[in-house]
Amino acid sequence: MKRLKLAIQKSGRLSEQSKQLLKDCGIKIQNGKNALRVSATNFPIDLFYLRDDDIPQYVQDGIADIGIVGENVLLEKNSRCEILQKLGFAKCRLSLAIPKNIDYQGVEYFKNKKIATSYPVILSDFLSKNNVTSEIHEISGSVEIAPNIGLAEAICDLVSTGSTLFSNGLKEVEQVLKSEAVIIGNPNISDAQKEILEKLIF
Ligand code: PRT
Ligand code: ZN
């Protein structure tokens, strides 16, 4: 029987709950500590442990059949994968934030401003829908410190509790996207694999 290849985050905010979900489905996985690929012992499923950013590409290319990622990553990568199921965990939002002492009147505020983000694709889409042109400065981490070190005048980053923004003297002023963990799939998976997937989702 053809096996279903599932990609999940190796370590990070999605990995524990992704593994828990498989456990809850009764899927047994050996704990190969540094293995990139492991097989379930009681289900025709192979697991790939990857960085979340790489998962949409692996699924799109058919290296994996399905994967678990945040919607934010899926959209940023412009992936052609389909969302098969929302999972209800890792909920967060991608938001624009500015120094808290600024009097904010609306999205025009961002005209010609320098915005630091790890999500340039989603952000530029949002800005162009709002007819705003800004200078997007892409950085891969610690986005929230950018205004304090003079790198940018605003940021666009993921927020869950809001405490990171608060402790950096920033306030959330526009919500760009709502996100949660989702199962994504390659549109071309076989019927046999679909059957395994349906069992899994059920
Ligand atoms: O190593 P790898 O590339 O696989 O992982 P990563 O470091 O890129 O991602 P990771 O593990 O940090 O997050 C994985 C996914 O979790 C994200 O893509 C989101 O879909 C989801 N998620 C949910 C979050 C958050 N909540 C979140 N709060 N991802 C990041 N954050 C960060 C945010 O960037 C900011 O630094 O937490 C901080 C804000 O949190 P609060 O609670 O202070 O608001
Ligand atoms: Zn990542």
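The values are calculated or read from the model by the stated rules, or taken from the named source; none is laboratory data. Not measured: the values here are computed from a predicted model. Note that each Cβ is placed from the backbone with ideal geometry, even for glycine, and that neighbours are counted across all protein chains shown.
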| query | From the list Gly62, Gly67, Gly12, which residue is surrounded by fewer than 17 Cβ atoms within 10 Å (Cβ to Cβ), modelled with pLDDT of 95 or more and either farther than 20 Å from Val121 by Cβ or among the small types (Gly, Ala, Ser) (or both)? | reply | Gly12
| request: Determine, yes or no, whether Ile55 is at pLDDT 95 or above, within 9 Å of ligand 1 (Cβ to nearest atom), under 15 Å from the mean Cα position of the chain (by Cα) and under 22 Å from Ile196 (Cβ atoms). | output: yes
| message | Restricting to segment 74-106, give me the number of residues that are among the aliphatic types (A, V, I, L, M), over 16 Å from Leu6 (Cβ atoms) and surrounded by 17 or more Cβ atoms within 10 Å (Cβ to Cβ). | response | 6
| Of the residues that sit in segment 145-160 and are more than 25 Å from Ser15 (Cβ to Cβ) and in contact (Cβ under 8 Å) with a residue 40 or more places away in the chain, which one is nearest to ligand 1 (Cβ to nearest atom)? | Ile155
| task | Kindly provide the set of residues from segment 127-139 that are more than 15 Å from ligand 1 (Cβ to nearest atom) and more than 23 Å from Phe166 (Cβ to Cβ), ordered by number. | result | Leu127, Ser128, Lys129, Asn130, Asn131, Val132, Thr133, Ser134, Glu135, Ile136
| request: Might you let me know whether segment 134-152 holds any residue that is within 16 Å of ligand 2 (Cβ to nearest atom), charged (D, E, K, R) and within 30 Å of Phe48 (Cβ to Cβ)? | output: yes
| note | For segment 43-57, pairs from a residue that is under 17 Å from Ala90 (Cα atoms) and touching a residue at least 60 places away in the same chain (Cβ under 8 Å) to a residue that is away from ligand 2 (no atom under 11 Å from the Cβ) and assigned to a strand (DSSP E or B), with Cβ under 6 Å and 6 or more apart or across chains, are Ile55/Ala7; Ile55/Gly67
| message | Here is a list: Ser163, Ser190, Ser124, Ser142. Which entry is within 19 Å of the chain's Cα centre (by Cα) and either within 16 Å of ligand 1 (Cβ to nearest atom) or within 30 Å of Ala40 (Cα to Cα) (or both)? | response | Ser142
| query | Name the pairs whose Cβ atoms lie under 7 Å apart, with the first residue in segment 188-200 and surrounded by 14 or more Cβ atoms within 10 Å (Cβ to Cβ), the second at pLDDT below 80 and in a loop (DSSP other than H, G, I, E, B), and 6 or more positions between them or separate chains? | reply | none
| task | Among the strands (runs of 3 or more DSSP E) lying completely within segment 16-103, list those that include at least 1 residues that are within 15 Å of ligand 2 (Cβ to nearest atom) and of a type outside the set (A, V, I, L, M). | result | 45-50, 66-70, 92-99
| field | Leading residue by the ranking (farthest from Ile8 (Cα to Cα)) among those in segment 173-187 that are of a type in the set (Gly, Ala, Ser) and within 13 Å of ligand 1 (Cβ to nearest atom) | value | Ser179
| When residues of segment 133-179 are filtered for being within 15 Å of Asn112 (Cα to Cα), surrounded by fewer than 17 Cβ atoms within 10 Å (Cβ to Cβ) and among the aliphatic types (A, V, I, L, M), how many remain? | 1
